[in-house]
Amino acid sequence: MRLGATLSLVALALSACTPRGEEEKAAYLGLDCGQPFEAQAATLAAQPKLDPAPVETAEPYRFYSSVDGGTSYLITQPSAPAHPAIMMQKAGGGTVVTSGCRYGSQKAYDELLAYLDSLKHWTRKGSP
C-alpha cells in the first residue's frame, strides 16, 4: 500500500473517533482598530470557515459570516457612506453584540451601527 493511501486511512480512522457535534469549533478573529483598514479587511476575509455573501453590485458592503452563524463581518466598499469601516456581530446566548472600527466619518459610522443594531430585531411578517 502506498504511503499516501496509508495516511488517508489513518486520518479517516482518527476522524471516526471524534464524537459527532464535538468537532473543533473554528475561532474567528476579533477586531483590532489599530490595524489599517485594508490590512484588517484582508485578514478578516481570508479566515478559513468564513462564508462570503454573494457580491451585490447595488450594496456598498461585503458580508462574511462564519459557517456556524455565530460571527459576521461587514466591510464597507468605497461607495458606502461610512467607508472605510468594519463591523462585527457576535451571536450567542440569545443576544447579538455589534462592534466596529471606524476609519472615516463618525456620523456615517453611527448611522451604520444603528442600522445593523436595528436588524437584530427584524423578523419576517408572519414569523413569531
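The values are calculated or read from the model by the stated rules, or taken from the named source; none is laboratory data. Keep in mind that this is a model prediction, so the values were computed, not measured. All Cβ positions, glycine included, derive from the backbone under ideal geometry; neighbour counts span all protein chains shown. Heavy atoms of the whole protein, side chains included, go into the accessibility calculation; ligands, DNA and RNA do not. Shrake-Rupley method; radii C 1.70, N 1.55, O 1.52, S 1.80 Å.
So the values come out like this:
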read-out: Residues that are open to solvent by 70 Å² or more (accessible area, probe 1.4 Å), at pLDDT 95 or above and either within 16 Å of the chain's Cα centre (by Cα) or more than 17 Å from I75 (Cβ to Cβ) (or both), drawn from segment 92-115; value: Q106, K107, D110
read-out: Matching strands (runs of 3 or more DSSP E) fully within segment 22-91 where at least 3 residues are open to solvent by 40 Å² or more (accessible area, probe 1.4 Å) and more than 20 Å from L113 (Cα to Cα); value: none
read-out: Failed condition for S118, given (1) part of a loop (DSSP other than H, G, I, E, B); (2) at pLDDT below 90; (3) open to solvent by 60 Å² or more (accessible area, probe 1.4 Å); value: (1)
